[in-house]
Amino acid sequence: MDRYAALDRYAALDRYAEAHLPAWTDELLEFCRFPSEQGNLGALRDAAAWIAARLERLGATAEVVTLPGQPDVPPLVVGEIGAGPRTLNAVQHYDVQPAVPLELWTTPPYEPAVRDGRLFARGAIDNKGELLPRMWAIEAYLATIGPLPCRVRFLVEGEEEYGSSHLDALLDARPGSRRADGALIEGGGVNAAGQPEITGGVRGIVVVELICRTLAYDAHSSLATVLPSAPVRLAQALASLFHADGTPALEGLDEGVLAPTAAQLAVVDATPPEVAAEVRREFHVERFIGDLDGTAAVRAMTFAPTLNIQGLWSGFIGPGDKTITPAEAHARLDIRIVPDQEPARVLAALARHLEQRGYDDIELVAEEGERPYWSPADDPILEAAARVSEAVFGRPAVRYIATPGVAPMWQVCGRDRVPMTSLGCAAVDTRAHAPDENARLDLAGQAARLMARFLDEFAALG
């Protein structure tokens, strides 16, 4: 079917989506009841089986892929539907962030509730509430327009929130699953002004724990005059990683960073300057580190790797007093990297930095490593995503080079350089990863309409 002829039929598709949104909401409520957190293997398996069954009801072939001899690895669900010369991979996940602290939730995280047009639950937006609207789009398309204009392959994993450490092996176990003409990251966003956001890349990440041990065991604090303190030494080591203004001082942090292309700079420099001001207002800070602002701040948030201390712990932190000199101190760092940096080389730079400054006694334990992946800024798939987003929202799309977040797009797309884009309708106040995570139900319906139109645009790219 000519894609422009199909435009006249989107009215029927939109009516279908509106009529079915209540039933679809019940479906999302059911899916969000699975407490599919890391370590809860039963819930992870149940969530995988649920999504496989839903794909089959959609008319897709569904396969639950496991690794022989590794029963503790959550399965990968691969669902395929449609035909045509072009294939679109939708990269999703059914695992969720831990729901703790539970006392900060208005209603229990795995007893989904609808309030004020929003569905509240852990996973409501990340990623169950972005996965299902893509399936609803296919349901609506088949019911109102006809056969899909391309093949859609869902790749739904169960370890995304914890590094996707087995995804490569699971994809290898299902030959051909990476082969595609384009890919969708797990979702997409809408800014505070109601404009759709389009991004063509994801950062990579290195997560590492630093462990400092100075004593055989915790000592009585009366000996602090003579015994070395683990938290003091770790604090000194951490201080060596930063300049006085808070900017990174880690030598080698920028190793492997590619210079931005003219097309990338054009996208970044077109970002409204008030974006940086909005970030300052949101977090109640008067200025950014390094006195960055405006376009310079947006460029840094796009092209510069980060160096972040996400947690520090040592000694006694309970109520009351416990007068000790701690024997151990710990810190966890995350470093978000950009093309073409590699996690192993960044980790080596950190180890070298500490060793050269006399901190070679501090142990480094790597916990996560993910490579970045960016599509060319002028790839047609990004233009297609922007066109359909503007058609559905009636507002100009805002383009970004990459999301600040991390996703396993390198593992899915990197081998064959498959172009990727975001596509979705997550509002800025959905509280992903936080208590009271939620999904706006009106935007969930919009996401289905958006995905349906994108299938035509994507098929026409061939």
* Taking the C-alpha atoms of the range 36-82, how large are the radius of gyration and the largest Cα-Cα span, Dmax, in Å? -> 11.3, 35
* For the range 262-279, in order, what is each residue's ³J(HN,Hα) by Karplus, 6.51 cos²θ - 1.76 cosθ + 1.60 with θ = phi - 60°, in whole Hz (x at glycine and Pro)? -> 4, 5, 5, 4, 4, 5, 5, 6, 7, 5, x, x, 6, 4, 5, 5, 4, 5
* Structure fact -> By the Cα gyration tensor axes a ≥ b ≥ c (a/c under 1.5 gives rounded; else a/b larger than b/c gives prolate, otherwise oblate), the shape of the range 66-207 is oblate
* Burial order of peptide ranges 15-26, 354-365 (average beta-carbon count within 10 Å, highest first) -> 15-26, 354-365
* Structure fact -> Volume per residue (Å³) of the convex hull spanned by the alpha carbons of the range 357-419 is 158 Å³
* Cα axis of helix 41-58 to longest principal axis of the chain: angle in degrees, 0 to 90, nearest 10? -> 20 degrees
* Asked: At what distance in nm do the modelled label points of Ala249 and Arg287 sit from each other, each positioned 7 Å from its Cα along Cα→Cβ?
  -> 1.9 nm
* Structure fact -> With a 1.4 angstrom probe the carbon and sulfur portion of accessible area for the chain, in percent, totals 53 percent
* Using the alpha-carbon centroid of each, what span in Å lies between the range 294-350 and the range 398-462? -> 28 Å
* To do: With a 10 Å radius around each residue's Cβ, average the other Cβ atoms per peptide and rank 148-159, 279-290, 92-103, highest first.
  => 148-159, 92-103, 279-290
* Would you work out which of Leu142, Pro272, His220 lies farthest towards the positive end of the dipole of the chain, given +1 charges on the beta-carbon of Lys and Arg and -1 on that of Asp and Glu, about the Cα centre? => Leu142
* At 222 nm, what helix-only mean residue ellipticity would the chain give, in deg cm²/dmol to the nearest 500, using -39500 (n - 2.57) for each DSSP H run of four or more? -> -10500 deg cm²/dmol
* **Helix 380-393 vs. the chain, principal-axis angle (Cα, 0 to 90°, nearest 10)** => 70 degrees
* Asked: So for the range 45-133, taking the charge dipole from beta-carbon charges (+1 Lys/Arg, -1 Asp/Glu), which of Gly117, Ala62, Asn127 sits furthest toward the positive end?
  -> Gly117
* Helix 230-239 versus the longest principal axis of the chain: what is the Cα-based angle in degrees, 0 to 90, to the nearest 10? -> 60 degrees
* **Accessible surface ranking that places the most exposed of Trp410, Trp105 first, with a 1.4 angstrom probe** => Trp410, Trp105
* Asked: Excluding ligands, DNA and RNA, what is the solvent-accessible area per residue of the chain at a probe of 1.4 Å, expressed in Å²?
  -> 44 Å²
* Using alpha-carbon pairs under 8 Å, 6+ residues apart, how would you state the relative contact order of the chain in percent? -> 25 percent
* Any number yet on Rg/Rh for the chain, C-alpha, Kirkwood? -> 1.00
* Sorted by mean Cβ packing within 10 Å, highest first, what order do the peptides 82-90, 269-277, 209-217 take? -> 82-90, 209-217, 269-277
* Under the classification rounded if a/c is under 1.5, otherwise prolate if a/b is larger than b/c and oblate if not, where does the range 1-124 fall, given a ≥ b ≥ c as square roots of the Cα gyration tensor eigenvalues? -> oblate
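The values are calculated or read from the model by the stated rules, or taken from the named source; none is laboratory data. This structure is a prediction, so every number in the text was calculated from the model and none was measured. Glycine also receives a Cβ, built like all others from the backbone with ideal geometry; neighbour counts cover every protein chain displayed. Each accessible area value is taken on the protein alone, full model and side chains, heavy atoms only, with ligands, DNA and RNA left out. Shrake-Rupley method; radii C 1.70, N 1.55, O 1.52, S 1.80 Å.
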